[in-house]
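A.B. asks: Got a structure for you, written out below as structure tokens; questions coming shortly.
The numbers here are math on the coordinates, done by the rules we state, and not lab data. None of the values given here were measured: they were computed from a predicted structure. Note that we place each Cβ from the backbone using ideal geometry, even for glycine, and neighbour counts take in every protein chain shown.
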Ligand code: Z5A
């Protein structure tokens, strides 16, 4: 059986990951692919428990090292219990965030050395990397404005704009350093244009032009 493809979606908050993920999945399913969606941190019951620790604003501070390790602990559940079994069964996996989020947020945003993150990544998921990573990009103010229309901010959403600027810069650097894996979509434009880009990209992926 042919292995499924692994696609991740990345970007700072409010750039439209959830919105565009729905389009991506719809296009793949229309083309006859079996698709599983998952998210990080999360994706399994235990990983979702870890997500609660990471996202909720409690009284106890979360040290940066604990944040990295919890992200990877959650990822270990998701990779071993969801992602790899699905890919092995020929299912396509679409993941809302993966290790590039750790590189961008904990590396770029918090300043954890990239070598440390990549060392743990190698330990946790080895060669299991997305075949394609779609980076949805928009200036921080655009993402903030869109996200701002939502409910109470979580622990990450209360960070300052400078933090998200560093995260965005890191994402763009990662995309430049791995052009064969990353596709960057400018989501500053209207939703119709972005949706059209997403449809074109799926057609390219299916035609194997991107992988
Ligand atoms: N995190 C981390 O630090 N390290 C890690 O390793 C991992 C994660 C895995 C959880 O992420 C947090 O965890 C995240 C990073 C950290 N924190 N932050 N910030 P999350 O993915 O669950 O949460 P999020 O980043 O806030 O994503 P989101 O809430 O799902 O937002 P989104 O998906 O990017 O946006 P959206 O809901 O699709 O769109 C926002 C609004 O804009 C919505 O009303 C849309 O209708 C509208 N929209 C979208 N696109 C457009 C366009 N093109 N035009 C106009 N309006 C639009």
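A.B. asks: Which of the numbered conditions does residue 86 fail, given that it passes all the others? Conditions: (1) within 15 Å of the ligand (Cβ to nearest atom); (2) closer than 14 Å to residue 5 by Cα.
C.D. replies: (1)
Quick grid of which residues meet (1) more than 8 Å from the ligand (Cβ to nearest atom); (2) over 18 Å from the mean Cα position of the chain (by Cα); (3) more than 30 Å from residue 189 (Cβ to Cβ); (4) without any contact (Cβ under 8 Å) to a residue 24 or more places away in the chain:
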{"residue": "62", "(1), (2), (3), (4)": "yes, yes, yes, no"}
{"residue": "93", "(1), (2), (3), (4)": "yes, no, no, no"}
{"residue": "97", "(1), (2), (3), (4)": "no, no, no, no"}
{"residue": "110", "(1), (2), (3), (4)": "yes, no, yes, no"}
{"residue": "113", "(1), (2), (3), (4)": "yes, yes, yes, yes"}
{"residue": "128", "(1), (2), (3), (4)": "yes, no, yes, no"}
{"residue": "137", "(1), (2), (3), (4)": "yes, no, no, no"}
{"residue": "142", "(1), (2), (3), (4)": "yes, yes, no, no"}
{"residue": "156", "(1), (2), (3), (4)": "no, no, no, no"}
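A.B. asks: Let me ask you something else. Give the range 178-199 a look and list any residue that's surrounded by fewer than 12 Cβ atoms within 10 Å (Cβ to Cβ) and either within 16 Å of the ligand (Cβ to nearest atom) or in a helix (DSSP H, G or I) (or both), or say none.
C.D. replies: Scanning the range 178-199 gives 190, 192.
A.B. asks: Just for the range 164-175: of the residues that are more than 9 Å from the ligand (Cβ to nearest atom) and out of contact with any strand residue (DSSP E or B) (no Cβ under 8 Å at 6 or more places or on another chain), which one is farthest from residue 99 (Cα to Cα)? Can you show your working first?
C.D. replies: Taking the range 164-175 and keeping what is more than 9 Å from the ligand (Cβ to nearest atom), we get 165-166, 168-175.
Add one more test, that the residue is out of contact with any strand residue (DSSP E or B) (no Cβ under 8 Å at 6 or more places or on another chain), and what stays is 165-166, 169-170, 173.
On the way: 165: 19, 166: 16, 169: 16, 170: 13, 173: 15 Å.
So the residue we want is 165.
A.B. asks: Looking at the structure I just gave you, is residue 41 free of Cβ contacts under 8 Å to residues at least 12 places away in the same chain and either more than 10 Å from the ligand (Cβ to nearest atom) or within 24 Å of residue 112 (Cα to Cα) (or both)? Working first, answer last.
C.D. replies: Details: free of Cβ contacts under 8 Å to residues at least 12 places away in the same chain: no; either more than 10 Å from the ligand (Cβ to nearest atom) or within 24 Å of residue 112 (Cα to Cα) (or both): yes.
Criteria not met by residue 41.
A.B. asks: Take the residues in the range 138-164 that are surrounded by fewer than 16 Cβ atoms within 10 Å (Cβ to Cβ) and in contact with a helix residue (DSSP H, G or I) (Cβ under 6 Å, 6 or more places away or on another chain); name whichever of them is farthest from residue 67 (Cα to Cα).
C.D. replies: The extreme case among them is 161.
A.B. asks: With respect to residue 68, is the statement that it is closer than 23 Å to residue 107 by Cβ and more than 11 Å from the ligand (Cβ to nearest atom) true?
C.D. replies: On the way: closer than 23 Å to residue 107 by Cβ: yes; more than 11 Å from the ligand (Cβ to nearest atom): no.
So residue 68 fails the test.
A.B. asks: With respect to the numbered conditions (1) surrounded by 19 or more Cβ atoms within 10 Å (Cβ to Cβ); (2) in a loop (DSSP other than H, G, I, E, B); (3) more than 8 Å from the ligand (Cβ to nearest atom), which one is the sole condition not fulfilled by residue 13?
C.D. replies: So the condition that residue 13 fails would be (3).
A.B. asks: Something else: Tell me, which residue of the range 166-200 that is in contact (Cβ under 8 Å) with a residue 24 or more places away in the chain and over 17 Å from the mean Cα position of the chain (by Cα) is farthest from residue 29 (Cα to Cα)?
C.D. replies: 188
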